[in-house]
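One structure is given below, encoded as structure tokens.
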Amino acid sequence: MPRPQLAARYDLAFVQSALLPPSAWRRYPAASEREAWEKIPAAVRQDLIARGETRAAEEWEHLTATLILNYVRHGGRDAYQEPYYRRRTRLHDLVLAECAEGRGRFLDAIADNLWLTCEETYWGIAAHLYLQAAGPGLPDATEPTVDLFAGETAALLAWTMHLLGESLDGVSPLLRPRLRHEIERRVLTPCRERDDFWWMGWHRGRHPINNWNPWVNSNWLAAVLVCETDPERRARAVHKIMRSLDVFIHHQPDDGGCEEGPVYWSRAAGSLYDCLDLLHQATAGKINLFDEPLIANLGRFIMHGHLHGDWYVNFADASAQPVIDAALVQRYGRAVGDRDLVAFGQWAEHRQAGRSLGRILSINRTLAALHEPVPSSGPLPARPADVWLPDLQFAIARGRRFTLAAKGGHNEESHNHNDVGSFILCLDGSPLLIDIGVEVYTAKTFSPRRYEIWAMQSQWHNLPTINGAMQHKDRDYAARDVRFAGDDRAATFSLDLAGAYDAEAAVRRWTRTFRLERNGPLVLTDDFELREARAPAVWNFICHREPVPTADGAVRLTSTDGAAAILSHAADAYAVEIDAVTITDPNLHAVWGDHLYRLRLTARENPTAARHAFTVSAL
């Protein structure tokens, strides 16, 4: 599939001619445009006002030096990030309350928050101070660096000016000039003058191209469109953003798969949508990629990664029960003309009613959801029997009672776990064999010690341990000979896992085959050849509910919702062990509760070649 190229299709001269000048461009109605705001349903406006009243009564957080230093001293991120996020969420809510009410009642609280934000030395988070030459610790005030949240902060302040405009001058005529000065100093100038931020894509070292690229670019673009008044600098900045986005687009697979998983879709494909939407709006439709097949495929991944109910595929650093930005999904579907994607977003919106999107709220998206609701398009679309994304090497197969999700790939994917060949199995829509997911991020998570974390290791995925060796981290440790096929009777996914293990495993070939009968069981077959056999093979199966060995040597499995299945295998071929894991991490506990379990089947014999079959049958 040919790659669409923003900067090549729309050169600098075109951008200069197509961009609407700041005086003629308004993305959202100002708070003073009461007719537009009063079109929003009264109940929604009252909720926005009530939240603003709550926020206005709260105490301001103190972002101290020692809170920032907590990251390098103790490895924790939340001591600084939680109060940092609360400041920005408060501003988000106060601005929307003022827009909903339009009486000036919240302007002083907004001004306080804006001023506090301007007084912060660094608009990013402590974990991202590696971007500065001085490295992690305290921020260097002489070197502003642009991370995800410096961009988010600049955009939040820019949209605040876009909405409130002259109302802020009533608090003080020096307020808006200060905001513009800080946005220019901290984001616009560094992004204009530097091209070595890895997320731009030109000097990234070993950083993979991931959600950082469109996420930062979307906020940089918003700040440019709202704040930059010099026509030439405005056009050059927009074109530079387009060139950076082209790097992201170039690295996306034809099938639209997101190797970071559904939980990061909103900040990968979703942030690309934010960029394309802003470009489309700021040029009166003259810049447009929404008719490109690749852009549509990227949008559909969030639908492809859905299993059942609140459950999604959670390979890599993902939660099995993410909260999807359903309004964003609907707008994406409308932009690319995909009614199924729109309907999926509307289904998710009703399914998630009352659940929070989390700690990071982008006011651009909130405004779009308020002012541009998508008309209803019908019920949840029928799910396909199979999803096969050959570039990502990602498959979902559905039978009458079982749903299988399995992956190939390699072990240097963005947010990678060492999980080539792992799988998730649901019974009657509920997880039976699971992917654990990721703990709360710490300094260790994105360090050379990442794979000391248990949940990142292959032995804590549904994978074999070979000759005592787990899978290895690196781009070259990858699946081979990956194949998928499906018909009315069954779906089959196969791959060779050998390439995901290093020399210690001494494995020539390890062909793993999943066969899901549409009206029957899942059969997992591992057929292997070793160069030598130093230790018996171990099969790891990760369970939410405690597995129970049966009298005939099989194992009874229970899904999250209580449905039962039997995992059967060759009689007396394995020693059975069950490890119980107490869950204390907040991220994991929110999904799985107090305990998880690992079922380990250790082969009693140790040949250099063998074929092992495991059958999971519903009861």
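Examine region 344-352 for a residue that is free of Cβ contacts under 8 Å to residues at least 24 places away in the same chain and out of contact with any Phe, Trp or Tyr (no Cβ under 6 Å at 6 or more places or on another chain), and state whether such a residue exists.
Yes.
Can you tell me which residue is nearest to the chain's Cα centre (by Cα) among those in region 303-321 that are more than 18 Å from residue 408 (Cα to Cα) and open to solvent by 10 Å² or more (accessible area, probe 1.4 Å)?
Per the stated criteria, the residue is 319.
It is to be established whether one or more residues within region 475-487 are of a type outside the set (Gly, Ala, Ser) and at pLDDT below 95.
There is at least one residue in region 475-487 that is of a type outside the set (Gly, Ala, Ser) and at pLDDT below 95.
Filter region 13-72 for residues that are outside any helix (DSSP H, G or I), open to solvent by 40 Å² or more (accessible area, probe 1.4 Å) and farther than 30 Å from residue 138 by Cβ and give the result.
Passing the criteria: 20, 21, 26, 32, 33, 38, 39, 41, 57.
Counting just the residues of region 537-591 that are charged (D, E, K, R) and touching a strand residue (DSSP E or B) at 6+ places or on another chain (Cβ under 6 Å), which one comes out nearest to residue 510 (Cα to Cα)?
Top of the filtered list is 577.
With the requirement that a residue be open to solvent by less than 10 Å² (accessible area, probe 1.4 Å) and either aromatic (Phe, Trp, Tyr) or under 30 Å from residue 23 (Cβ atoms) (or both), what does region 255-269 give you?
265
Can you name every one of the strands (runs of 3 or more DSSP E) wholly within region 531-619 that holds 3 or more residues which are farther than 24 Å from residue 313 by Cβ and among the small types (Gly, Ala, Ser)?
The strands (runs of 3 or more DSSP E) meeting that bar are 609-618.
Taking the condition of being more than 19 Å from residue 176 (Cα to Cα), among the small types (Gly, Ala, Ser) and in a helix (DSSP H, G or I), how many residues in region 73-111 meet it?
Qualifying residue count, region 73-111: 3.
Can you pull out every residue in region 395-419 that is over 19 Å from the mean Cα position of the chain (by Cα), in a loop (DSSP other than H, G, I, E, B) and not small (Gly, Ala, Ser)?
Within region 395-419, 400, 401 qualify.
Of the numbered conditions (1) under 27 Å from residue 58 (Cα atoms); (2) within 21 Å of the chain's Cα centre (by Cα); (3) at pLDDT below 95; (4) among the charged types (D, E, K, R), residue 166 satisfies every one except a single condition; which is it?
(2)
Which one of these does residue 384 not meet: (1) within 19 Å of the chain's Cα centre (by Cα); (2) open to solvent by 10 Å² or more (accessible area, probe 1.4 Å)?
Among (1) within 19 Å of the chain's Cα centre (by Cα); (2) open to solvent by 10 Å² or more (accessible area, probe 1.4 Å), the lone unmet condition for residue 384 is (1).
Exactly one of these conditions fails for residue 440: (1) among the hydrophobic types (A, V, I, L, M, F, W, C); (2) outside any loop (DSSP other than H, G, I, E, B); (3) touching a residue at least 60 places away in the same chain (Cβ under 8 Å). Give me its number.
Every listed condition holds for residue 440 apart from (2).
For residue 579, only one of the following conditions fails: (1) in contact with a Phe, Trp or Tyr (Cβ under 6 Å, 6 or more places away or on another chain); (2) among the acidic types (Asp, Glu); (3) open to solvent by less than 50 Å² (accessible area, probe 1.4 Å). What is its number?
Every listed condition holds for residue 579 apart from (1).
Identify, please: which residue in region 333-360 is within 30 Å of residue 161 (Cβ to Cβ) and open to solvent by 50 Å² or more (accessible area, probe 1.4 Å) and is, among those, modelled with the highest pLDDT?
Ranking the qualifying residues of region 333-360, first place goes to 334.
Name the single residue, out of those in region 159-193 being within 24 Å of residue 240 (Cα to Cα) and out of contact with any helix residue (DSSP H, G or I) (no Cβ under 8 Å at 6 or more places or on another chain), that is surrounded by the most Cβ atoms within 10 Å (Cβ to Cβ).
The qualifying residue surrounded by the most Cβ atoms within 10 Å (Cβ to Cβ) is 190.
Can you confirm whether residue 440 is touching a strand residue (DSSP E or B) at 6+ places or on another chain (Cβ under 9 Å) and open to solvent by 10 Å² or more (accessible area, probe 1.4 Å)?
In short, yes.
With respect to residue 76, determine if the residue is surrounded by fewer than 19 Cβ atoms within 10 Å (Cβ to Cβ) and modelled with pLDDT under 95.
It is true that residue 76 is surrounded by fewer than 19 Cβ atoms within 10 Å (Cβ to Cβ) and modelled with pLDDT under 95.
Please work out which residue is farthest from residue 441 (Cα to Cα), limiting yourself to region 113-125 and to residues that are in contact with a Phe, Trp or Tyr (Cβ under 7 Å, 6 or more places away or on another chain) and surrounded by fewer than 24 Cβ atoms within 10 Å (Cβ to Cβ).
Among them, the one singled out is 116.
The values are calculated or read from the model by the stated rules, or taken from the named source; none is laboratory data. Keep in mind the model is a prediction, meaning the values are calculated, not measured. Note that we place each Cβ from the backbone using ideal geometry, even for glycine, and neighbour counts take in every protein chain shown. Note: accessible area is taken over every heavy atom of the protein model, side chains too, but ligands, DNA and RNA are not part of it. Shrake-Rupley method; radii C 1.70, N 1.55, O 1.52, S 1.80 Å.
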